[in-house]
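Structure record follows, encoded as structure tokens.
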Amino acid sequence: MTTEPQKSMEVCVIGMGYIGLPTALMLASHGIRVKGVDYNKDVVAKLQAGHVTFKEEGLSELFDEAVRGGITFHTDYPSSGFYIIAVPTPYNVSDKKIDPSFVVNALKDVLAVAKDEAVITIESTISPGTVDKYLRPVVAASGKHVHLAHAPERIIPGRMLKELRTNARTIGADEPGIAKLVQLVYQSFCEGEIVLTDIRTAEMSKVVENTFRDINIAYANELAKICRKNGMDVYEVIRIANKHPRVNILQPGPGVGGHCISVDPWFLVGDFPEEAKLIRQAREVNSHMPDFVLQRIKDIMKEHGLADWSRVGLYGLTYKEDVDDTRESPTLQLLQVMKQNHLPAPAVFDPMVERDLVPRQSHDFEAFLRGIDLMVILVGHHHIREHQEDLEEKVVLDTRHVMQSAGERL
Ligand SMILES: NC(=O)c1ccc[n+]([C@@H]2O[C@H](COP(=O)([O-])OP(=O)(O)OC[C@H]3O[C@@H](n4cnc5c(N)ncnc54)[C@H](O)[C@@H]3O)[C@@H](O)[C@H]2O)c1
């Protein structure tokens, strides 16, 4: 493949999820001919019918623009010279290593139809060495001559479209010419700096970024535990400490969820168990926060003379505020911990989650409020910030520090 003008390029994006869909739409609305592929027939049918598959600010408008730009959606893999693969990369719970099966399977299907000399860009987050260990052997076995590249994504749900345009990006490739070609594609919409490097460095730098976040969150969470034991207000301690010009401690919270920060650090722990001690420790601090929240609920119930667990309500099911993504969310983790402790299922409400996901989930905020005495705020959606006065009669455990009144905190 030669370096041709980007406007005449065709790109196939594999995986129409939280990352693949906005990327495909962005490319299509910037003059690239895009085919979006997903093996999930329901996802493709919904997109073909003109509907986006998740909530994100500006996504519907971008979708309409992309449709005007000619984007099409498919369940089969079209033959092309340029692919972007954005499929899930979970970790194996037993050994903490990456589960590369989604990427490997997508690559195999791409190789079956890819044009000779095609560029196949892995956008999924992968552990350092994944391309060498798992993907190059698949390419070699196919007998095809193609070029692998890695362009990890670092956008955050809730600000995806803005960050797609403005974030800096990393592109790893074996040859500068291929890196430049991939750069040309992303440059169609990305105004941020695009750093070109080798594949392993690109793999490592992405995982390292999320691990940095996890460690910093763990520090704030550990401080919350220390302050609780010591009868101190962790938020005030952090507020004052952050006056130091080189200190920027994050806020504690009920745990870490989502598809990135709670997953990617495990890749390093799995591959480097001897070296990644701090990383493991941070991951464990964060994944035990739901146990800490449960202990806080028990203490608060005792303090306020509450005994009826069925009148405990959890506010928020998503892993962060103002999005509808519930993957690995602290609330789901807390519900699991409550179940393991043989506690009755609490009432649950999340204004962003329309589908039924857990037992006793309510879709009516007022009915939810009528059924509870204690509300545990686990997500700081705008909605709850705007309904503070409705909680005046309730005992509130505010794990996100979003309430103005001094209720119970972490
Ligand atoms: N969600 C985020 O905020 C975020 C941010 C940065 C990076 N990432 C990374 O991006 C990657 C994708 O994450 P996501 O959140 O978009 O996942 P997702 O689960 O939302 O979407 C993945 C999509 O891929 C499809 N799929 C899986 N295998 C396929 C195959 N072989 N062929 C066709 N379609 C296939 C699934 O049906 C699904 O629709 C992951 O590696 C993730 O770590 C995610």
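The values are calculated or read from the model by the stated rules, or taken from the named source; none is laboratory data. Note that the structure is a prediction, hence the values are computed from the model and not measured. A quick note on method: Cβ atoms are made from the backbone with ideal geometry, for glycine too, and the neighbour counts reach across all protein chains shown.
Taking Gln48 as meeting all but one of (1) away from the ligand (no atom under 12 Å from the Cβ); (2) surrounded by 21 or more Cβ atoms within 10 Å (Cβ to Cβ), write down the number of the exception.
(2) is the only condition that Gln48 fails.
Restricting attention to the range 303-336, and to residues there that are among the small types (Gly, Ala, Ser) and over 16 Å from Phe349 (Cβ atoms), which single residue is farthest from the ligand (Cβ to nearest atom)?
Only one residue fits best here, namely Gly305.
Being within 16 Å of the ligand (Cβ to nearest atom) and either under 16 Å from the mean Cα position of the chain (by Cα) or on the phi > 0 side of the Ramachandran plot (or both) is the filter here, so list the residues in the range 249-276 that pass it.
Residues satisfying the conditions are Val256, Gly257, Gly258, His259, Cys260, Ile261, Ser262, Val263, Asp264, Pro265, Trp266, Phe267.
Inspect all residues belonging to the range 221-231 and state whether any of them is within 16 Å of the ligand (Cβ to nearest atom) and under 21 Å from the mean Cα position of the chain (by Cα).
So far as the range 221-231 goes, no, none of its residues is within 16 Å of the ligand (Cβ to nearest atom) and under 21 Å from the mean Cα position of the chain (by Cα).
Does any residue of the range 219-233 turn out to be among the β-branched types (Val, Ile, Thr), within 28 Å of Glu328 (Cα to Cα) and outside the structural domain of Thr23 (by TED's automatic domain parsing)?
Yes: one or more hits.
In the range 358-400, what count of residues is obtained for those that are under 25 Å from the mean Cα position of the chain (by Cα) and surrounded by fewer than 16 Cβ atoms within 10 Å (Cβ to Cβ)?
Of the residues in the range 358-400, 4 are under 25 Å from the mean Cα position of the chain (by Cα) and surrounded by fewer than 16 Cβ atoms within 10 Å (Cβ to Cβ).
List the number of the failed condition for Lys35; all other conditions in (1) within 21 Å of Asp325 (Cβ to Cβ); (2) within 15 Å of the ligand (Cβ to nearest atom) hold.
Of (1) within 21 Å of Asp325 (Cβ to Cβ); (2) within 15 Å of the ligand (Cβ to nearest atom), only one is false for Lys35: (1).
Say whether the condition of being within 16 Å of the ligand (Cβ to nearest atom) and buried (at least 18 other Cβ atoms within 10 Å of the Cβ) is met by at least one residue in the range 277-284.
yes
Which count do you get for residues in the range 66-101 that are of a type outside the set (Ser, Thr, Tyr), near the ligand (Cβ under 9 Å from one of its atoms) and closer than 22 Å to His147 by Cα?
4
Can you run down the residue pairs with Cβ atoms below 7 Å, 6 or more apart or on separate chains, where the first is in the range 138-164 and farther than 17 Å from Asp174 by Cα and at pLDDT 95 or above and the partner is among the aromatic types (Phe, Trp, Tyr) and within 13 Å of the ligand (Cβ to nearest atom)?
The qualifying pairs do not exist here.
Any residue in the range 102-129 that's near the ligand (Cβ under 7 Å from one of its atoms): show its pairings with residues that are basic (Lys, Arg) at Cβ separation under 6 Å, as long as the two are six or more apart or on different chains.
Thr125/Lys206
Residue under question is Arg296, and the condition is that it be among the basic types (Lys, Arg), surrounded by 21 or more Cβ atoms within 10 Å (Cβ to Cβ) and under 15 Å from Gly255 (Cα atoms); does it hold?
Answer is no for this residue.
Out of (1) more than 25 Å from Asp109 (Cα to Cα); (2) within 13 Å of the ligand (Cβ to nearest atom), what's the single condition that is false for Phe63?
(2)
Suppose the filter is surrounded by 12 or more Cβ atoms within 10 Å (Cβ to Cβ) and free of Cβ contacts under 8 Å to residues at least 40 places away in the same chain; does Asn216 pass it?
Criteria met by Asn216.
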